[in-house]
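Everything on this sheet refers to the single structure shown next.
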Amino acid sequence: MSVRPILRWPDPRLAQVCAPLGDAPAEALVAYLFDTMYAAPGRGLAAPQIGVLARVFVMDCGWKEGTKTPRACIDPEIVWTSDEVAVTGEGCLSIPGVTAEVTRPAAITLRYRTLTGETVEERLTGFEAICAQHEFDHLNGIVTFDRLTPKARAEAEAAYAP
Ligand code: NI
């Protein structure tokens with residue numbers, strides 16, 4: 001197990017736009033991310049949350065319910081979003097104890113590179129679509145607080161005790 005400390009908001013590294021991983025090796029980073037995410041325990045984790053400012057995230061939305069669906073997404077892009085939106089209470093391992101009601105497209109198409117170098121495109125719906133957008137936001141220095149109205153943000157920040 002290679003569990004790394006998870007940065008907590010407002011650590012400034014969580015507000016940085018991450019750089020593409022490109023041809024750099026991904027195996028060790030992805031292993032750290034999965035081990036840290038499962039230990040947390042969480043359903044998604046982005047590289048900046050362990051202090052690595054690279055465009056990589058992992059997610060597994062089903063493991064807590066007994067269906068492991070691990071994805072390691074390298075240099076991901078959201079190439080389509082639905083007009084239909086969904087409002088979801090989102091937690092974040094970097095903002096423990098806070099659930100923020102975030103409005104996002106209900107479905108997306110995510111394009112990313114896998115650990116084996118294959119480029120795949122997947123249509124994601126339901127919680128997987130929300131999770132992928134949440135993790136993708138981290139790669140652009142965006143956290144759930146940034147998706148709220150000023151009033152909702154003030155309330156959520158007030159509820160946050162790091
Ligand atoms: Ni998060």
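Read-outs: derived from the displayed coordinates by stated rules, not from any lab. Predicted, not measured: the structure shown is a model, and the values here were computed from it. Here the Cβ positions follow ideal geometry from the backbone for every residue, glycine too, while neighbour counts run over all protein chains shown.
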Value of relative contact order over the chain, rounded to a whole percent, pairs C-alpha under 8 Å and six or more apart | 24
Taking amide hydrogens as modeled 1.01 Å from N in the peptide plane, which residues meet the under 5 Å criterion relative to residue 85, leaving out close sequence neighbours?
-> 106
May I ask you to give the average projected area over all directions of the convex hull of the Cα atoms of the chain, in nm² rounded to one decimal?
-> 9.1
For the residue 28, residue 111 Cβ pair and Förster radius 30 Å, calculated FRET efficiency rounded to 0.05 is 0.80
Full extension from residue 2 to residue 39: what is 0.36 nm times the residue separation minus their Cα-Cα distance, to one decimal in nm?
-> 12.4 nm
The set of residues whose placed amide H lies less than 5 Å from the amide H of residue 54, leaving out same-chain residues fewer than 5 positions away, is 19
Please quote Rg/Rh for the range 1-60 to two decimal places, taking the Kirkwood radius as Rh and restricting both calculations to Cα atoms.
-> 0.94
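Among the GluC sites (Glu not before Pro) in the range 96-161, which ones are in a DSSP loop with at most 16 other Cβ atoms within 10 Å of the Cβ? Mind listing them?
Details: sites: 101, 118, 121, 122, 128, 135, 155, 157; in loops: 118.
Here the GluC sites (Glu not before Pro) that fit, given the DSSP loop and packing criteria, are 118.
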Given 0.36 nm per residue, what is the gain on full extension from residue 159 to residue 81 after removing their alpha carbon distance, in nm?
-> 25.0 nm
